[in-house]
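Chemist: Attaching a single structure in structure tokens format; questions to follow.
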Amino acid sequence: MAKFVVAGRSDCPYFARAELLGDRLAKNLPKFKLHKIMIQPDQWDEWLKKTCEEKGWTFSKSPIVWRELIDRGGKGVLIGGANEFQEYAKAYYDLESDMNSFDMRTISDENKATKNELDQEEQEFKALSKPVHLCITNAAHPACYHMVSTLCSGRVLGPDTELTLRFLVAKEEDLELVRGLAMEAEDLAHGLLRGVKIYSDPREAFEDCSYIIIMDELLQMDGEFKIDWLKRNYSFFSTYAVLINEKALSSCKVMIAGNGPLNFNAITVQRSSPKLARQNIVVVSSVVENQAKAVIGERLSVNPAGVVNLLVWGNINSKHFFDVNRCRIHGYDGAVWGPYWHSVDAREMVHDNKWLAREFPSQVAARKQKVSEAMGRATGLSMANAITTTLQYWCQGSPTGQIFSLGVYSENWYKIPEGLFFSVPVTMDPKGFWHVVQDIEVSQDMADNIHLAVQDLKLHLAIFRGEITETEKGEETAQATTEEEVPEKAEEKAADGSDKTEEEVKDKDEAAAAASAGEASGEGQPVAEGAATAAEDVQNEAPQTPDGNQEESNSGADNPSEAPAAVEESAESAAAPAETES
């Protein structure tokens, strides 16, 4: 689909002829889209010069007509002035303008008067209006296109909340595509949309923002070690966080979505933006949650919207698991029928625990690729819906009686160490707050899965800090570090001399005493073999920031023994997250 843009001076007769010809084409051709830009005469030369410099054109008359490629993107194609546009319409559509000079001058006078009135009204309205600023990073993402209309409609932020959209462009080659998106947003003519601006500098884009949706995706490249990948993410997102902390409002709400290590990136943003309340930084879990609902709905032949209270726990885009113990099904075609509020237990309707434990998670993991292959391109509609729905519930409250998944800063709920971002069940308050549901009964299997997801996230942090290295085969091996060891582990090493250095063999008692006092040295500490031992070492540490600084606990204690402790596990279970990443 193509969008034709006609721009000109408000008092130009030829602009009047070109816009009316474009109106006739748009009225009679369903796929012919027209966007008109009317500029005041005293601003025309400056506007035209700037536009031509950006697009690499040479043009000096009014009007100017060009063609934007909306679906495929790319540089706009210059058509020319009013005469060239008329020749174009005649050649392609066999349509030409029959306006005479008198009509052209009359309409141009009306255009000028109308433009003056519109500018005056806009200035008066802007003086009264105080819209909120919402910034979307990586605005060329397919999901951004599908979010715009919903965000501007008033359904998300509220029916009376005016807003300006700010599109942050990640790469220069995406600029033309985002310009087309901005024009589409303006053509929606939503009453609550007060403006659309495009930025390439995040410092300007984040200025006074009330909402920021981060959709940048730094995926792991082929052959790239995980430590290098995590460091790339840390460098990128910490830069964002510093600018958000400096430029955005202190009450700004930040949502992190897309692909990549979302929970790790959320930790990075939270540590690097101390001005923001940690409750105002969340990871969107509902993308995975909705995919799981679709799989359950397909299994039971029900509308996925009727699947409620299906929960996602853990590290989104990595080690996580699904909880269907509280899941209910509305609209199930069974022997028992009831009113709209009637529901049945999902586990009983599926009636196949083996499928829930094995095939269900794998089908959810393959859902995105399955949809992408069916469509032949990257998907964005489901992610857009997940983001806008989450933001809507965050601003206006979630449906009564329903529970949703959200990646939030942990405060020791369900033995999840404080300082980690973890997907947990929540409800949302109309005042703009979320609340963790804390009365869920945790079975032993759930506790084990929560523990594995915690260790997976800790493993990412340990790899980032260099405590665990990777071989060329992708195996993870613990480095010799100076981290504190618990006395029990030191005694086990003292009893087994196979892994000791020569210095430890000479004086076992001295090594055991040093280990129990937490004074293990880099030369004297044995190197662990395998990711299992490395993850076991990581779980004995207090939560740390991605740059290695230990986080302060709520009580202000500096002693690592007072920091929240992780759940203990065997060496086999500690290695599991690295082996079973989804």
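Chemist: Looking at segment 65-175, what strands (runs of 3 or more DSSP E) fall wholly within it and have at least 2 residues that are surrounded by 19 or more Cβ atoms within 10 Å (Cβ to Cβ)?
Modeler: Because the criterion is at least 2 residues that are surrounded by 19 or more Cβ atoms within 10 Å (Cβ to Cβ), the strands (runs of 3 or more DSSP E) in segment 65-175 that meet it are 132-137, 163-168.
Chemist: When you scan segment 305-342, how many residues do you find that are part of a strand (DSSP E or B) and either crowded, with 18+ Cβ neighbours inside 10 Å or touching a residue at least 60 places away in the same chain (Cβ under 8 Å) (or both)?
Modeler: Number of matching residues: 12.
Chemist: Within segment 350-394, can you find the residues that are polar (S, T, N, Q) and modelled with pLDDT of 90 or more?
Modeler: Result: 353, 362, 363, 382, 385, 388, 389, 390, 392.
Chemist: Okay, next question. Which condition number does residue 377 fail, the rest of (1) under 20 Å from the mean Cα position of the chain (by Cα); (2) more than 17 Å from residue 286 (Cβ to Cβ); (3) in a helix (DSSP H, G or I) being met?
Modeler: Unmet condition: (3).
Chemist: For segment 184-259, which strands (runs of 3 or more DSSP E) that fit wholly inside it have 1 or more residues that are over 19 Å from the mean Cα position of the chain (by Cα)?
Modeler: Counting at least 1 such residues, we get 193-199.
Chemist: Among the residues in segment 346-360, are any within 15 Å of residue 401 (Cα to Cα) and of a type outside the set (Asp, Glu)?
Modeler: Scanning segment 346-360, I find no residue that is within 15 Å of residue 401 (Cα to Cα) and of a type outside the set (Asp, Glu), so the answer is no.
Chemist: Can you name the condition, by its number, that residue 250 falls short on among (1) in contact with a Leu (Cβ under 9 Å, 6 or more places away or on another chain); (2) buried (at least 17 other Cβ atoms within 10 Å of the Cβ)?
Modeler: It is condition (2) that residue 250 fails.
Chemist: Hey, another quick one. Looking for something of a type outside the set (S, T, N, Q), surrounded by fewer than 12 Cβ atoms within 10 Å (Cβ to Cβ) and modelled with pLDDT under 95 - is there at least one such residue anywhere in segment 395-410?
Modeler: yes
Chemist: Return yes or no: is residue 469 outside any loop (DSSP other than H, G, I, E, B), modelled with pLDDT of 90 or more and of a type in the set (Ser, Thr, Tyr)?
Modeler: no
The values are calculated or read from the model by the stated rules, or taken from the named source; none is laboratory data. This is a predicted model, so every value here is computed, not measured. Backbone-built Cβ (ideal geometry, glycine too); neighbour counts: all protein chains shown.
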